[in-house]
Amino acid sequence: MKNMKRTMMTMFILLLTTLMYGQKKWTLQECIDYAMQNNITLQQARLKKQSATEDKKQSQAALFPSLSASTNQSVGYRPWQSSGIATVSNGMVGTSVKKTYYNGTYGINASWTVWNGNQNRNQVKLNEVSEEQAELSIAETANSIQEKIAQLYVQILYMDEAIKVNKESVETSKKNEERGKEIVEVGKMSKADLAQLTAQRASDEYTLVESESKLANYKLQLKQLLEITGDEPFDIAIPATTDEQALAEIPSLGSVYETALSFRPEIQNSELSLKSSDLQMKIAKAGHLPTLSMTGGLGTSTASTNTNEWGSQMKTNFDASLGASISIPIFDNRKTKTAINKAKIQREQALLDILDKQKQLYSTIEGFWLDANTNQEKFKAAMVAVASEQESYNLLSEQFNVGLKNIVELLTGKDKLLAAQQSRLQSKYMTILDQQLLRFYKGEDMSL
């Protein structure tokens, strides 16, 4: 209910903002909130949980007696009936033969499984565990979607800033080309060198278009993840990401893993699988035990061939019954033994699944942690490299303009500067993403 109110408030704010300022810019939290309510995969997981809840309720109801009412009405025909009913009227005896007759029965029946080795009660517990697992599956799906949203969101931020760098590179290439034309006119540079400047400008424009295409593709993927369809425009808010965010202290690997072990739904789900296998073992072993059941019923019947009135027949033919039965298994063609052995196998599988999920969790967190540290170190080095390459390129440009450097040296310097700038951006945003994911695995919300 809280999530629904939160989503409705978010949608109201989105609508109000759109009407006031035009196209909505989605923040990371707004993307996550919207996806939590509209993503189809998540909705399917919720439906599975509802189905598990119905199974639990049905098994709980099975603990109580069942009650049913029945009636049967039948019509018969005896074409060769010769005897009939004699009546006396005005001193005359008359006989009537009724070849058509009808019968009616009415009953209320109850049955109750008093004890069956606690199979029914353990089934309730098993379905309760299944309901918990379905709830945890929802959380697993939600976590996976949030991670994908964060990854796409950060990729969009990276590409947005990379495009700015590419645009600056295009502008620089255009200036170099124009300057080259001026130098050719005064005869201090060959047309072949000018052609290289023109090719560099065209290459930079191509890179810019390619970057813009990647940005559009990332936005499309995020839009699809949020289940936003049609021609509705979609764009994200660009937060002011700073270098300090990328240089922030990285959580320790051990602290993240220990915290994640205590609350991550995939770990809790695998532990519930072990509990489920133990309950299935108890249910299977109950196959060796007797079953005690009780039955009861009330019934009566009527027939047209009876000379009594209908009400009198209902009263006369009324009967009540109460019975108990015990079923003792002797030989069941190995069904119970097979069920027990399969439950043991499932328990072993559950134990292995717990170890596997723990291993996967550690591997995932370790990967984020290693990437965060590696990218942070790359970012520190890239900051120095950008400053150095920028200074070097500025000097090369000045020397080229006065004829002290050739075209090859200028283009090489420009390529180095662009590569350093792109490395800086990539390492910066990858560090921010890895840090966010590490904090997410510690139970904190992702925010940019």
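The values are calculated or read from the model by the stated rules, or taken from the named source; none is laboratory data. Treat the numbers as computed from the prediction; the structure is a model and nothing was measured. Quick reminder, even Gly has a Cβ in these numbers, built from the backbone with ideal geometry, and neighbours come from all protein chains shown. Ligands, DNA and RNA are stripped out before the accessible areas are found, and what is left, the full protein with its side chains, is counted by its heavy atoms. Shrake-Rupley method; radii C 1.70, N 1.55, O 1.52, S 1.80 Å.
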Condition set under 57 Å from the mean Cα position of the chain (by Cα) and aliphatic (A, V, I, L, M), scope region 187-205, selection least open to solvent (accessible area, probe 1.4 Å): answer is L197
Taking region 33-61 and keeping only residues that are open to solvent by less than 10 Å² (accessible area, probe 1.4 Å), assigned to a helix (DSSP H, G or I) and not small (G, A, S), one is left with L42
For region 139-161, check the following and say yes or no: at least one residue is in contact (Cβ under 8 Å) with a residue 12 or more places away in the chain, open to solvent by 40 Å² or more (accessible area, probe 1.4 Å) and touching an Asp or Glu at 6+ places or on another chain (Cβ under 9 Å). yes
So if I check each of S363, S304, S312, which one is open to solvent by less than 80 Å² (accessible area, probe 1.4 Å) and over 30 Å from T105 (Cβ atoms)? S363
Would you mind finding the one in I138, I108 that is modelled with pLDDT of 95 or more and either among the small types (G, A, S) or in contact with a helix residue (DSSP H, G or I) (Cβ under 6 Å, 6 or more places away or on another chain) (or both)? I138
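Here are S82, S74: which of them is at pLDDT below 95, of a type outside the set (K, R), farther than 30 Å from Q224 by Cα and part of a loop (DSSP other than H, G, I, E, B)? Break it down stepwise before answering.
Details: S74 fails: part of a loop (DSSP other than H, G, I, E, B).
Answer to the selection: S82.
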From the option list G413, G367, single residue qualifying as among the small types (G, A, S), part of a helix (DSSP H, G or I) and at pLDDT 95 or above is G367
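Would you mind finding the one in V114, V184, V124, V165 that is open to solvent by less than 60 Å² (accessible area, probe 1.4 Å), touching a Leu at 6+ places or on another chain (Cβ under 6 Å) and in a helix (DSSP H, G or I)?
Numbers: V114 fails: in a helix (DSSP H, G or I); V124 fails: touching a Leu at 6+ places or on another chain (Cβ under 6 Å); V165 fails: touching a Leu at 6+ places or on another chain (Cβ under 6 Å).
Result of the check over V114, V184, V124, V165: V184.
Just to be sure, is L208 open to solvent by less than 30 Å² (accessible area, probe 1.4 Å) and either over 19 Å from D160 (Cβ atoms) or in contact (Cβ under 8 Å) with a residue 24 or more places away in the chain (or both)?
Numbers: open to solvent by less than 30 Å² (accessible area, probe 1.4 Å): yes; either over 19 Å from D160 (Cβ atoms) or in contact (Cβ under 8 Å) with a residue 24 or more places away in the chain (or both): yes.
Yes.
Test of understanding: among T241, T198, T207, T259, which residue is assigned to a helix (DSSP H, G or I) and either under 30 Å from Q29 (Cβ atoms) or not polar (S, T, N, Q) (or both)? Write out each step before concluding.
Values: T241 fails: assigned to a helix (DSSP H, G or I); T198 fails: either under 30 Å from Q29 (Cβ atoms) or not polar (S, T, N, Q) (or both); T207 fails: either under 30 Å from Q29 (Cβ atoms) or not polar (S, T, N, Q) (or both).
Only one candidate qualifies: T259.
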Of the numbered conditions (1) open to solvent by less than 60 Å² (accessible area, probe 1.4 Å); (2) within 30 Å of Y34 (Cβ to Cβ), Q224 satisfies every one except a single condition; which is it? (1)
Run down F331, F318 and say which single residue is touching a Leu at 6+ places or on another chain (Cβ under 9 Å), modelled with pLDDT under 95 and open to solvent by 50 Å² or more (accessible area, probe 1.4 Å). F318
If we keep just the residues of region 229-279 that are open to solvent by 60 Å² or more (accessible area, probe 1.4 Å) and of a type in the set (A, V, I, L, M), which is modelled with the highest pLDDT? L247
Could you tell me whether T338 is among the hydroxyl-bearing types (S, T, Y), over 30 Å from A110 (Cβ atoms) and within 59 Å of the chain's Cα centre (by Cα)? yes
Y393 meets each of (1) modelled with pLDDT under 95; (2) surrounded by 13 or more Cβ atoms within 10 Å (Cβ to Cβ); (3) in contact with a Lys or Arg (Cβ under 7 Å, 6 or more places away or on another chain); (4) more than 27 Å from E244 (Cα to Cα) with one exception, condition (4)
